[in-house]
Amino acid sequence: MTSIQRRAADLVFERLQERIVSGELAPGDRLDPAEIAADLGLSRTPVREAILRLDSEGLVNRLPYRGVVVAGIDHRVAEEVAALRIHLETLAVRLAVPRLREEDLVEMREAHEQLNRSLEGENPQREFNELNRRFHMTLYRRADSAVLLRTIENLASQAERIRMHFDLRQSPAGRHHEEILAACENRDIEVAAATTRDHILAAHRLMMPDDYRIEAGSMLAAVLATAALENQSAPADEST
């Protein structure tokens with residue numbers, strides 16, 4: 001694909017993504033590549049490329065006999081991803097905070113400030129995932145566990161695909177990252193873990209229906225109950 005076609009594909013992707021995020025295109029709506037190409041005055045090649053990217057991001061599904069349709073969100077999967085992320089990322093925080101170096105904190109601060117600027121732009125989705133991952137993974141790498149990091153990265157990829165359905169200008173990430181960073185700078189393990197937990201949970205709730213409730217006996221309820229018990233039993237001087 002030529003650079004001109006690539007730029008055209010990027011344009012189509014951004015326009016379709018914006019229509020999905022805004023709700024103009026609802027789950028189940030069909031996308032006709034020929035109609036999109038005609039509306040935008042483009043050939044079908046960049047439109048097909050954009051649809052392949054939308055598919056890889058989880059924003060559309062390609063179905064037999066129906067063609068390309070806007071994807072919905074599997075709320076049960078989203079809840080399980082959030083539960084596993086809370087469990088594993090708070091573990092990574094507890095391991096990582098005592099090992100943080102000054103250059104790690106500088107890297108996290110830079111990613112945090114760039115992310116805040118991106119949220120003020122017209123299309124934050126373009127940079128959000130990259131900067132968000134950079135902020136968190138800079139911290140988690142200090143856990144010094146390749147297996148843990150790979151698992152977290154896999155879950156982060158799933159969360160990123162879910163996140164693509166939403167207008168990230170509503171995200172509380174900027175405020176939460178500031179709290180996580182402050183706890184890391186203070187080497188306060190339990191506050192860093194708790195703010196990471198609250199950050200993931202708040203982002204999860206933002207992506208769920210208004211009537212969403214965490215049901216007793218669910219994976220997420222069990223993870224949150226375990227976190228509460230850990231907080232109650234944590235030694236007072238554990239963050240020193």
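The values are calculated or read from the model by the stated rules, or taken from the named source; none is laboratory data. Since the structure is predicted, the reported quantities are computational estimates derived from the model, not experimental observations. In this analysis, Cβ positions are derived from the backbone assuming ideal geometry, glycine residues included, and neighbour counts consider all displayed protein chains. For the accessible areas, the whole protein counts, side chains as well, though only heavy atoms, and no ligand, DNA or RNA atoms are used. Shrake-Rupley method; radii C 1.70, N 1.55, O 1.52, S 1.80 Å.
So, of the residues in segment 94-124 that are assigned to a loop (DSSP other than H, G, I, E, B) and acidic (Asp, Glu), which turns out to be farthest from Ile180 (Cα to Cα)? The qualifying residue farthest from Ile180 (Cα to Cα) is Glu122.
Yes or no, residue by residue, for (1) within 14 Å of the chain's Cα centre (by Cα); (2) not polar (S, T, N, Q):
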{"position": "Ala159", "(1), (2)": "yes, yes"}
{"position": "His165", "(1), (2)": "yes, yes"}
{"position": "Arg169", "(1), (2)": "yes, yes"}
{"position": "Asp188", "(1), (2)": "no, yes"}
{"position": "Thr196", "(1), (2)": "yes, no"}
{"position": "Ala202", "(1), (2)": "yes, yes"}
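Quick one: in segment 84-114, of everything that is basic (Lys, Arg) and over 17 Å from the mean Cα position of the chain (by Cα), which residue is surrounded by the fewest Cβ atoms within 10 Å (Cβ to Cβ)? Looking at the filtered set, the residue picked out is Arg101.
Phe166 satisfies every condition listed in (1) within 22 Å of Glu79 (Cβ to Cβ); (2) part of a helix (DSSP H, G or I) except (2). Of the residues in segment 72-85, at least one is of a type in the set (D, E, K, R) and either in contact with a Gly (Cβ under 9 Å, 6 or more places away or on another chain) or over 30 Å from Arg30 (Cβ atoms) (or both). Residues that are open to solvent by 50 Å² or more (accessible area, probe 1.4 Å) and in contact with a Pro (Cβ under 8 Å, 6 or more places away or on another chain) within segment 193-223 comprise just one, Leu206. For segment 125-136, the count of residues that are closer than 30 Å to Gly72 by Cβ and outside any helix (DSSP H, G or I) is zero. The set of residues from segment 53-71 being in contact with a strand residue (DSSP E or B) (Cβ under 9 Å, 6 or more places away or on another chain) and not acidic (Asp, Glu) comprises Leu54, Leu59, Val60, Asn61, Arg62, Leu63, Arg66, Gly67, Val68, Val69, Val70, Ala71. Just one of the listed residues (Asn231, Asn186) is among the polar types (S, T, N, Q), loosely packed, with under 15 Cβ neighbours inside 10 Å and modelled with pLDDT of 95 or more, and it is Asn186. Here is the figure for segment 170-182: residues that are open to solvent by less than 40 Å² (accessible area, probe 1.4 Å) and either touching a Ser or Thr at 6+ places or on another chain (Cβ under 6 Å) or not in a helix (DSSP H, G or I) (or both) total 3. A count restricted to segment 115-155 and to residues that are more than 13 Å from the chain's Cα centre (by Cα), without any contact (Cβ under 8 Å) to a residue 24 or more places away in the chain and open to solvent by less than 40 Å² (accessible area, probe 1.4 Å) stands at 2.
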